[in-house]
Amino acid sequence: MIGVLALQGDVREHVRALTEVGAAARPVRRPAELDDVAGLVIPGGESTTMSKLADVFEVRDPIRKRIASGMPVYGSCAGMIMLATEVLDGRPDQRGFDGIEMTVRRNAFGRQVDSFEAPVEIAGVPGPPFHAVFIRAPWVERVGADVAVLGRVTDGPAAGRIVAVRQGNLLATSFHPELTGDLRVHALFADLVKAAG
Ligand code: GLN
């Protein structure tokens, strides 16, 4: 069973994507619900709102503890921001789960290109490049020694920017595979959860 953190954001899309790759999935909002899942997806949405609601629903510390004990987590877009140890251009009071040793910049691709699409290849994912959809997305500016860079933007003004990473059982993408029907990242994550369990 994989949970999708249901504080805010595109929860339904992730539940659907996970179900389509053969995983059992359910929304998770309360600490007790977290006990029932072997992995967690943090959806796209708005990280500042998620940060506030993580306190309201008292899930911040339980999630941090599960991360520390090895639970697989996948964050897309706002979820990537929530997994980062450092956020640039965030709100001063926003706090995440300190999972992946990396610095991300919020809304990094610039206001004039709020959303755009670009091909991205993900290491370890066979097949053609992802048709990646970015919506006010972050990019990764620094990664720690234990973080593997899985994907970068390949062309255009943002060419070379890191948009997919993995640290142990923690996976994050700047883009939203849950919105495009290309379920290879969800399949990769479901495998990771199986292997960890
Ligand atoms: N800009 C949003 C944030 O800071 C992320 C956007 C998204 O998830 N599509 O959380």
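The values are calculated or read from the model by the stated rules, or taken from the named source; none is laboratory data. What you see is a predicted model; the values in this text were computed from it and never measured. For neighbour counting, all protein chains shown are included, and Cβ atoms are generated from backbone atoms with ideal geometry for every residue, glycine included. When the accessible area is computed, the model is the full protein with side chains, heavy atoms only, and any ligands, DNA or RNA have been set aside. Shrake-Rupley method; radii C 1.70, N 1.55, O 1.52, S 1.80 Å.
Can you list the strands (runs of 3 or more DSSP E) found entirely within the range 77-145 that contain at least 3 residues being at pLDDT 95 or above?
On the way: elements: 84-88, 100-105, 115-120, 130-135, 139-143.
So the answer is 84-88, 100-105, 139-143.
Out of (1) within 16 Å of the ligand (Cβ to nearest atom); (2) among the charged types (D, E, K, R); (3) closer than 17 Å to residue 197 by Cα, what's the single condition that is false for residue 10?
All conditions are met except number (3).
Of all residues in the range 74-94, which are farther than 19 Å from residue 144 by Cα and open to solvent by 50 Å² or more (accessible area, probe 1.4 Å)?
89, 91, 92, 93 - these are the residues of the range 74-94 that are farther than 19 Å from residue 144 by Cα and open to solvent by 50 Å² or more (accessible area, probe 1.4 Å).
Out of all the residues in the range 11-28, which are free of Cβ contacts under 8 Å to residues at least 12 places away in the same chain and among the basic types (Lys, Arg)?
To start, the set of residues in the range 11-28 that are free of Cβ contacts under 8 Å to residues at least 12 places away in the same chain comprises 12, 19.
Correct list: 12 only.
Quick test for you: out of 151, 144, 168, pick the one residue that is surrounded by 15 or more Cβ atoms within 10 Å (Cβ to Cβ) and under 23 Å from residue 60 (Cβ atoms). Break it down stepwise before answering.
Numbers: 151 fails: under 23 Å from residue 60 (Cβ atoms); 144 fails: surrounded by 15 or more Cβ atoms within 10 Å (Cβ to Cβ).
Of 151, 144, 168, the one residue that is surrounded by 15 or more Cβ atoms within 10 Å (Cβ to Cβ) and under 23 Å from residue 60 (Cβ atoms) is 168.
Take the conditions in contact (Cβ under 8 Å) with a residue 12 or more places away in the chain, away from the ligand (no atom under 14 Å from the Cβ), of a type in the set (S, T, N, Q) and surrounded by fewer than 21 Cβ atoms within 10 Å (Cβ to Cβ) and apply them to residue 48. Does it pass?
It is false that residue 48 is in contact (Cβ under 8 Å) with a residue 12 or more places away in the chain, away from the ligand (no atom under 14 Å from the Cβ), of a type in the set (S, T, N, Q) and surrounded by fewer than 21 Cβ atoms within 10 Å (Cβ to Cβ).
For residues that are part of a loop (DSSP other than H, G, I, E, B), in contact (Cβ under 8 Å) with a residue 12 or more places away in the chain and either within 13 Å of the ligand (Cβ to nearest atom) or surrounded by fewer than 16 Cβ atoms within 10 Å (Cβ to Cβ) (or both), tally how many sit in the range 29-45. Working first, answer last.
The first filter runs over the range 29-45 and keeps only residues part of a loop (DSSP other than H, G, I, E, B), leaving 29-30, 35-38, 43-45.
Subsequent filtering for residues that are in contact (Cβ under 8 Å) with a residue 12 or more places away in the chain retains 29-30, 36-38, 43-45.
Those still in the list that are either within 13 Å of the ligand (Cβ to nearest atom) or surrounded by fewer than 16 Cβ atoms within 10 Å (Cβ to Cβ) (or both) too: 30, 36, 43-45.
Adding up the residues that qualify gives 5.
Looking at (1) part of a strand (DSSP E or B); (2) under 23 Å from residue 94 (Cα atoms), which one does residue 26 not meet, given that it meets all the others?
With (1) part of a strand (DSSP E or B); (2) under 23 Å from residue 94 (Cα atoms) applied to residue 26, the lone miss is (2).
Out of the residues in the range 51-73 meeting the condition of being within 15 Å of the ligand (Cβ to nearest atom) and open to solvent by less than 10 Å² (accessible area, probe 1.4 Å), tell me which one is nearest to residue 138 (Cα to Cα).
Only one residue tops the list, namely 51.
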